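Chemist: The structure under discussion is supplied below as C-alpha cells; questions concerning it will follow.
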Amino acid sequence: MKTKILLIAGVVTLFTTTSCMKDVEPQSSTVTSTQVSNAPGAFQNAVDAITSTLCGQFTYAGSEHRAYDFGLPSFYLERDVMGQDVAYPYQNWFTSWYACDHLGPSWAVSQLPWTYYYGWIKSCNEVLSLAGTEPSADHKVGAGIALAMRAYFYMDLARMFAQKTYGEDKSSETVPLVLETTSIPDLVSNPRATNEVMWAQIISDLDKAETYLDGYTRKNVYTPDKSVVYGLKARAYLTMEDWANAEKYAKLAQSGYTVMSESDYTSRETGFNTPNSSWMLGMTYKADDPNIVENDGDSSWGSMMCIEIDPKKSGCGYAANYGQPFLIDRHLYETIPSTDWRKKCYVNFNIDNLPSDDEKIDSLAAYSDHPSWILNAGTVTQGYGKVGGLELKFRTAGGETGRANQHIGFVVAVPMMRVEEMKLIEAEAAGMQDVNRGITLLTAFAKTRDASYVYGTHNEAYGNTKTSAFQNEVWWERRVELWGEGFATFDIKRLNKGIIRSYAGTNHTDGYQWNTTTTPEWMNLCIVQTETNYNTACTNNPDPIAPKGNSTPYVW
C-alpha cells in the first residue's frame, strides 16, 4: 500500500486548505527577524545547527523510529547497496534501494532525501540570510561554513538525481535550487537546475567559502574549514571532469593530513569510529541523540554497521544480532590481494568451509577479540547463515563497555571526507592529463596499503569499455578504500558503469543478482510527487523498473 506523502521542500504551506495535510514550516526561502531569536549567540546557534543535525535525529519519521532514519550515514548505505560492492542478504529496511523496490515518486521513501537535504539546506540559508550579502567580520566564518555545507548538500543531490553526470551532459536536470534569496512564490514554479547551473552554483558557494574561512582554525573535524572547501572543490571538479582543477584542489586539500596506517585502519578499538590524522570532515553521534536513546539504539549507523555487540548482555543491533548485516561483495573481496592489509576488515569466505564451529571461532579470532560473536552475527543472518564477507571496518565504540551496551557502543563518529579520497582524486585527475604521472601517484598511494602492489592488476571494466584501464584501476582502489562510505553510486554514475551481482559463488541475494552493462536507472532517484504536484515547473525522472529475476552468471 502506498503511503501518502505530506511534506515537500517549502511549498506545502501554500496549499494546506484542507485539514488532512500537516502545517509545515517551509524548508527554504528567506528568514525573517521574527523567526530567529535576538538573544546573544543566536547567529552562532544557527551555524552550529547546520552540522549538529547531520546524524542522530529522527528527522524523517520521528516517533516511528524507522531504522533508516538516522541522518547522513543512512544515505551512504542507500547509495552503496544500489550497486554491487555491498551485498544485503536479508531484505528489510534498505530493500527499496538494493532491490529497486518502491522507488517511484509516489512512494514514501522518495521523500527521505527531500526531507533531510532540503532541511539541511534551509539551515544553511537561514545563516546566510542572517549574515547578509557582505558578512561582518564576526559573521564571515559562520557564512563560510554555511556556504561550504550548502555546496556539500547540493553536490549530493545533484549526483543522486541527475540522469546524466556533468561530464556526459551539462543540460541534464538535477534538483530545484533554493537559495537564501528564493522567495516562497518562486517555489511554485522552480525548475530543476541543469548540471551546468547547479555546479556553477556549487563552485560559487565554495569560492566564497574559501574566502570567508581563510585563517579560520576549527576546534574539531565536525565543522568544515578551508581544507574541506578545497576537498569539496576537488570532488566538484572531478565530477565536472575539469582535471586540472581537480588535481590542484585535491593536492591543496591534503596539507596537514596523513593517510591512515594499518594500525589505524584495522584498529579493533577505534577503527572508523574515531577521527584521526586522515579525517578531514566527520560527524558524530552523541549519547543523548534520539537515534541512540530511543528504540534500543537500533535506528542508528552503529546498529547497521557495528557487529561486535554482546549477544547476551545487549542482544541488540541489526548487524550484530538481528541477522541483517551488510557484506562486502565476494568478487571484490577476492580481487583484494592477501598482501593488502585492508582485506583484514572483511571475513574470509573460506572460513565457512571449516567443519566445526570451534575451528571457525579459532579463525575468526584474527578479526575480533570476540570471535564467537562474529560467528553468531553470521549464523543468525537470515537467508545467508554464513560469516564470509562480514565487515569489521566500522568498529563499536567505547571498548568492552561499549561492546556490552549498545547505548555506548553505537556512539560513533562517521567520516565524511578523508585525505585518502584526495590522494585518489589527485591521481585520477593527473592521469587524465598525463597517464604516466597518474600511474606514479596511484602506485605511491596503493603501496601504502599493499607494499607488493603492481599497477595494472585491477582494471576490470564491468561490462563497460568507455573508461580507460587507468580509470578502472583508480576506480578499484576507490571501491576498496572507501567501501561503505557512500561513494559507490556516485562513481558508477560518473564513470557510466554497469553492475555485476550475478556470477559463480556470488553472495548477493537470490532474485536480485542482476547484471547491467550501463548505469542502472534506479540510481537516478525520483523526486517526491508532492514537489512536482505543487511546483509546476519541476519535471521528474522515470519510475525505475526492477529487472525480473537473476541475470545469467557473468564469467570473469
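The values are calculated or read from the model by the stated rules, or taken from the named source; none is laboratory data. Fair warning: this is a prediction, and the values are worked out from it, not measured in the lab. Note: ideal-geometry Cβ built from the backbone for every residue, glycine included; neighbour counts use all protein chains shown. Just so you know, the surface numbers come from the protein's heavy atoms only, side chains and all, with ligands and any DNA or RNA stripped out. Shrake-Rupley method; radii C 1.70, N 1.55, O 1.52, S 1.80 Å.
Chemist: Going from the alpha-carbon gyration tensor of the range 46-199, what semi-axes, largest first and in whole Å, does one get by taking the root of 5 times each eigenvalue? List each step's numbers first, then the result.
Modeler: Numbers: eigenvalues 165, 79, 41 Å².
In descending order, the three semi-axes are 29, 20, 14 Å.
Chemist: Which value in deg cm²/dmol, rounded to the nearest 500, describes the helix-derived mean residue ellipticity at 222 nm for the chain, given -39,500 (n - 2.57) per DSSP H run of n ≥ 4 and division by the residue count?
Modeler: Values: 22 runs with 212 residues, N = 556.
For the chain, the value works out to -11000 deg cm²/dmol.
Chemist: Over the range 87-201, what is the mean sequence separation of C-alpha contacts under 8 Å (at least six apart), divided by residue count, expressed as relative contact order in percent? Walk me through the intermediate numbers first.
Modeler: Working: 99 pairs, mean separation 21.3, N = 115.
Relative contact order comes out at 19 percent.
Chemist: Rounded to the nearest whole Å³, what is the per residue volume of the convex hull around the Cα atoms of the range 293-437? Intermediate results must be reported in sequence, preceding the final value.
Modeler: On the way: hull volume 19.9 nm³, N = 145.
Convex hull volume per residue, Cα atoms: 137 Å³.
Chemist: Need the C-alpha centroid separation for the range 362-378 versus the range 297-337, integer Å.
Modeler: One Cα centre to the other: 12 Å.
Chemist: Rounded to the nearest 20 debye, what is the charge dipole size of the range 467-556 about its Cα centre when +1 sits on each Lys and Arg Cβ and -1 on each Asp and Glu Cβ?
Modeler: 180
Chemist: What is the pair-distance distribution P(r) of the chain, computed from all Cα-Cα distances in 10 Å bins starting at 0, with each bin given as a whole percent?
Modeler: In order of increasing distance, the bins hold 4, 18, 29, 29, 16, 4, 0, 0 percent.
Chemist: Might you report the magnitude of the Cβ-based charge dipole of the chain about its Cα centre, with Lys and Arg at +1 and Asp and Glu at -1, to the nearest 20 debye?
Modeler: Details: 46 positive and 64 negative charges, 75 e Å.
That gives the chain a dipole magnitude of about 360 debye.
Chemist: Binning at 5 Å from 0, report for the range 377-474 what percent of all alpha-carbon pair distances ends up in each bin.
Modeler: Histogram of Cα-Cα distances, whole percents per bin: 3, 11, 13, 13, 14, 12, 12, 11, 8, 3, 0.
Chemist: Next question. Any chance you could list P(r) for the range 457-556, counting all Cα-Cα pairs in 5 angstrom bins from zero, rounded to whole %?
Modeler: Here the calculated profile for the range 457-556 is 2, 11, 17, 19, 19, 13, 8, 6, 3, 1, 0.
Chemist: Using R₀ = 41 Å, calculate the FRET efficiency as 1/(1 + (r/R₀)^6) where r is the Cβ-Cβ separation of Q382 and V188; round to 0.05. Before the final figure, lay out each step's value.
Modeler: Values: r = 46 Å, r/R0 = 1.12.
So the FRET efficiency works out to roughly 0.35.
Chemist: Per residue, how many Å² of accessible area does the chain show with a 1.4 Å probe?
Modeler: Details: 20070 Å² over 556 residues.
Accessible area per residue: 36 Å².
Chemist: Angle between the Cα long axis of helix 243-253 and the longest principal axis of the chain, 0 to 90 degrees, nearest 10?
Modeler: The angle comes out at about 80 degrees.
Chemist: Go through K251/K386; K219/K313; K313/K386 and tell me which ones have a Cα-Cα distance over 31 Å in this structure. Write out the running numbers ahead of the final one.
Modeler: Working: K251/K386 42 Å; K219/K313 36 Å; K313/K386 23 Å.
K251/K386; K219/K313, as the Cα separations exceed 31 Å there.
Chemist: I've got another one for you. Restricting to Cα pairs below 8 Å that are 6+ residues apart, what does the relative contact order work out to for the chain? Please round to a whole percent. Intermediate results must be reported in sequence, preceding the final value.
Modeler: Working: 1134 pairs, mean separation 108.5, N = 556.
RCO, the chain: 20 percent.
Chemist: Return the whole-Å distance between the Cα centroid of the range 119-197 and the Cα centroid of the range 419-443.
Modeler: The range 119-197 and the range 419-443 have Cα centres spaced 29 Å from each other.
Chemist: Whole angstrom only: what separates the Cα centroid of the range 483-540 from the Cα centroid of the range 210-283?
Modeler: 27
Chemist: On to the next question. If we count every other residue with Cβ under 12 angstrom of A42's Cβ, Lys/Arg +1 and Asp/Glu -1, where does the sum land? Working shown, then result.
Modeler: On the way: positive: none; negative: D48, E126.
Once positives and negatives cancel, what remains is -2.
Chemist: Around I545, with a cut-off of 15 angstrom between Cβ atoms, what is the net charge of the other residues, counting Lys and Arg +1 and Asp and Glu -1? All intermediate terms of the calculation are to be shown ahead of the outcome.
Modeler: On the way: positive: K548; negative: D101, E521, D543.
Charge balance in the 15 Å sphere: -2.
Chemist: Ok, one more. Given the convex hull of the Cα atoms of the range 106-191, what is a quarter of its surface area in nm²?
Modeler: On the way: hull surface 26.9 nm².
Taking a quarter of the hull surface, the average projection is 6.7 nm².
Chemist: Can you give the net charge of the other residues whose Cβ lies under 11 Å from the Cβ of S63, counting K and R as +1 and D and E as -1? If you can, show how the numbers build up before the last one.
Modeler: Details: positive: R66; negative: E64, D69, E294.
Neighbourhood net charge equals -2.
Chemist: Kirkwood hydrodynamic radius for the range 218-352: how many Å is it when counted over pairs of different Cα atoms? Each step should come with its number before you reach the end.
Modeler: Numbers: mean 1/r = 0.0559 Å⁻¹.
Taking every pair of different Cα atoms in the range 218-352, averaging 1/r and inverting gives 17.9 Å.
Chemist: Then there's this: Stretch K170-N436 to full length: gain in nm at 0.36 nm per residue minus the Cα-Cα span? Write out the running numbers ahead of the final one.
Modeler: Details: separation 266, 0.36 × 266 = 95.76 nm, distance 2.90 nm.
Working it through step by step, the gained length comes to 92.9 nm.
Chemist: Holding the Cα-Cα limit at 24 Å, pick out from K140/K226; K140/K233; K170/K466; K140/K493; K226/K343 the pairs that are longer than that. Present the calculation step by step, with values, prior to reporting the outcome.
Modeler: Working: K140/K226 13 Å; K140/K233 19 Å; K170/K466 18 Å; K140/K493 35 Å; K226/K343 33 Å.
Beyond 24 Å between Cα atoms: K140/K493; K226/K343.
Chemist: Which of the trypsin sites (Lys or Arg not before Pro) found in the range 96-198 are in a DSSP loop and have at most 10 neighbouring Cβ atoms, other than their own, within 10 Å? List each step's numbers first, then the result.
Modeler: Values: sites: K122, K140, R150, R159, K164, K170, R192; in loops: K164, K170.
When the trypsin sites (Lys or Arg not before Pro) of the range 96-198 are filtered for loop state and at most 10 Cβ neighbours within 10 Å, nothing remains.
Chemist: Just for the Cα atoms in the range 139-236, what are the lengths along the principal axes, largest first, rounded to whole Å?
Modeler: 39, 33, 19
Chemist: While we're here: Quick one: pull the percent of accessible area on the range 425-556 belonging to carbon and sulfur, 1.4 Å probe, ligands and nucleic acids left out. Working shown, then result.
Modeler: On the way: 2750 of 5000 Å².
Carbon and sulfur: 55 percent of the exposed surface of the range 425-556.
Chemist: How tilted is helix 42-52 with respect to the longest principal axis of the chain? Cα atoms for both, answer in degrees (0 to 90, nearest 10).
Modeler: 30
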